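S.K.: The structure is given below, and queries will be raised subsequently.
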Amino acid sequence: MNKKTKGVNTICTHVGEIKDEQFKGAVSPLFMSSSYAFQDVDVKRYPRYFNTPNQEGLAKKIAALENCEAGLIFGSGMAAISTAVMAFLEAGDHIVLQGDIYGGTYNLVVEQFNKFGIEYSFSKGMQSDDFEKLIKSNTKVIYIETPSNPLLKITDLKMISALAKKHNLISMIDNTFASPINQVPANFGIDIIIHSATKYMGGHSDMCAGAVVCSEEHINKIFHLAKNLGGSLSDYTVWLLERSMKTMGIRVKAQNENAQKMAEYLDAHNDINTVYYPGLKKHDGHEIAKTQMSGFGGMMSFELNDGLNADLFQKTLQLIKPSMSLAGVESTVLSPSETSHALLGAEERKSRGISDGLIRFSVGIEETDDLIEDIEQALTKIKNA
Ligand SMILES: *Cc1c(COP(=O)(O)O)cnc(C)c1O
């Protein structure tokens, strides 16, 4: 089943690299040309055709990590998501999406799909029946995200791919939170795998990029729309992303280990109410996560006890940064109620279990002793405030 020929870190480091024939340098040269020859060439190259040497090389690396045939690199995660989804939908079609989904994806659907005549439904839960009862005769795509943001809910990949096959749908996953290091959805039969490379692939909070990987057949369909929409990534950033990805395997493994330690520490803490982390046995999705993830990831969320101010807590941290994004080598926290889920409104957030005091924690590669010391000093200060 697994067609991977090399180890994960070898793929991260080497697959897709461009040989420097001219100077024999150790890393891929960067080709910044936005104009290439059209005569006597096999391929007419152009950045917006997604086929410059650096774009093609990096797409190979991500496809290899995801055990897929082909890929495209995009200018952002949302460029990847919007292009992939729209490639398989026409006016009159319907898409079923997981209810717990990245805010930007939710906004794309509710703000844009009506004008294209595309119908949509969001699931209320994550069980088979929650999805299946929404499928209609015009449903074409089923779209999920696991682990989800911010409560790290787990959706069963085998169940989704079985549903997709039964109803002849294209299955798509946003695999950003897990990264290909922890979860390879193609091995469970998911058709299209999408990433915000801004997160674990970039890993240093200094770039915005996206990627889609799948079969050759599906990538051709996505490419057809992608060249019309034009959401390609600058080759300079493609090259930086290739560099970042060489360390993705070791970064993410360090983050997995740190997150497990931090989740256990927070879970045992008297000042912490609830911890949501799929690596904890008591997490709702732990058993399914064990069957489809090789690591539980670096993301979690938690609530302080009643009476402790989450806003003040985050301001009082000295090492861990309150910050909008996630998945960098540095640890960050944020309040979903003020950021990713602000637009939902208080009622909707409450019904989804996202309290105002919920803190999302992206665990970095620092020593956990230092992270714990930081949390302890912040808790002491806010309790005495
Ligand atoms: C950040 C994120 C996106 C969007 O990616 P951008 O690079 O910001 O466009 C999509 N899905 C998930 C799960 C994300 O965390």
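The values are calculated or read from the model by the stated rules, or taken from the named source; none is laboratory data. Predicted model, so just to flag it, every value in this text is computed and none were measured. So basically every Cβ, Gly included, is an ideal-geometry build from the backbone, and we count neighbours across all protein chains shown. Protein only, heavy atoms only, side chains kept; ligands, DNA and RNA dropped before computing areas. Shrake-Rupley method; radii C 1.70, N 1.55, O 1.52, S 1.80 Å.
S.K.: Given axes a ≥ b ≥ c from the Cα gyration tensor, I'd like to know whether the range 133-291 is rounded (a/c under 1.5), prolate (a/b larger than b/c) or oblate.
M.R.: Taking the square roots of the gyration eigenvalues as a ≥ b ≥ c, the range 133-291 is oblate.
S.K.: Once you put a point 7 Å from the Cα of HIS286 and another 7 Å from the Cα of VAL27, both along the Cβ direction, what distance in nm separates them?
M.R.: 4.1 nm
S.K.: Using only Cα atoms and rounding to the nearest 10 degrees, what angle (0 to 90) does helix 248-267 make with the longest principal axis of the chain?
M.R.: Helix 248-267 sits roughly 20 degrees off the main axis of the chain.
S.K.: Whole angstrom only: what separates the Cα centroid of the range 1-47 from the Cα centroid of the range 204-262?
M.R.: 15 Å
S.K.: Under a Cβ-Cβ cut-off of 15 Å, what is the net charge of the residues other than LYS282 that fall near it, where Lys and Arg count +1 and Asp and Glu count -1?
M.R.: It works out to a net charge of -2.
S.K.: Sticking with the crude label model, points 7 Å out along Cα→Cβ, report the distance from ASP129 to PHE116 in nm, one decimal please.
M.R.: Placing both labels 7 Å along Cα→Cβ, they lie 3.3 nm apart.
S.K.: Provide the FRET efficiency to the nearest 0.05 for the ILE372-GLU348 pair, computing r from the beta carbons and using R0 = 41 Å.
M.R.: The value I calculate is 0.75.
S.K.: Could you please state, rounded to a whole Å, how far the C-alpha centre of the range 144-165 is from the C-alpha centre of the range 89-122?
M.R.: Distance between centres, Cα-based: 17 Å.
S.K.: Using Stokes-Einstein with the Kirkwood hydrodynamic radius over Cα pairs, what translational diffusion coefficient do you get for the range 8-111 at 10 °C and a viscosity of 1.306 mPa s, in µm²/s rounded to a whole number?
M.R.: 96 µm²/s
S.K.: Once neighbouring chains are kept in place and the probe is 1.4 Å, which whole percent of the accessible area of the chain is contributed by carbon and sulfur?
M.R.: Carbon-and-sulfur percentage of accessible area, whole number: 51.
S.K.: A further question follows. Find the accessible area per residue for the chain; the probe is 1.4 Å, ligands and nucleic acids are left out, and the unit is Å².
M.R.: 44 Å²
S.K.: Sort GLU66, GLU111, GLU216 by accessible area with a 1.4 Å probe, largest first.
M.R.: Largest accessible area first, the list is GLU111, GLU216, GLU66.
S.K.: Separate question: If the reach is capped at under 21 angstrom between alpha carbons, list the lysines near LYS136, excluding any in the same chain fewer than eight residues apart.
M.R.: Correct list for LYS136: LYS115, LYS124, LYS158, LYS165, LYS166.
S.K.: What nm value, rounded to one decimal, do you get for the distance between LYS321 and GLU216 when each label is placed 7 Å out toward the C-beta?
M.R.: Once both label points are built, they end up 4.3 nm from each other.
S.K.: Over the residues of the range 250-384, compute the C-alpha Rg and express it relative to 2.2 N^0.38 Å.
M.R.: 1.01
S.K.: How big is the charge dipole of the range 106-244 about its Cα centre, in debye rounded to the nearest 20, if each Lys and Arg gets +1 on its Cβ and each Asp and Glu gets -1 on its Cβ?
M.R.: 280 debye
S.K.: Of ALA80, ASN51, ASN305, which is farthest along the charge dipole of the chain in the positive direction, counting Lys and Arg as +1 and Asp and Glu as -1 at C-beta?
M.R.: Of the candidates, ASN51 comes out farthest on the positive side.
S.K.: What value, in deg cm²/dmol to 500, does the helix sum -39500 (n - 2.57) over DSSP H runs of n ≥ 4 give at 222 nm once divided by the residues of the chain?
M.R.: After summing the helix terms and dividing by the residues of the chain, the value is -11000 deg cm²/dmol.
S.K.: Along the charge dipole of the chain, pointing to its positive end and built from +1/-1 on Cβ of Lys, Arg, Asp and Glu, which listed residue (SER331, GLY285, SER171) has its Cα farthest out?
M.R.: SER171
S.K.: Which angle from 0 to 90°, rounded to the nearest 10, does the C-alpha axis of helix 53-65 make with the longest principal axis of the chain?
M.R.: Helix 53-65 sits roughly 50 degrees off the main axis of the chain.
S.K.: Could you tell me which residue out of TYR106, ALA342, LEU371 lies farthest along the dipole of the chain toward its positive end? Charges go on the beta carbon: Lys and Arg +1, Asp and Glu -1, centred on the Cα centre.
M.R.: TYR106
S.K.: Could I ask something else about it? Quick check on the chain: what does the Kirkwood estimate of hydrodynamic radius come out to from the alpha carbon pairs, in Å?
M.R.: Computed over Cα pairs of the chain, the Kirkwood hydrodynamic radius comes out at 21.6 Å.
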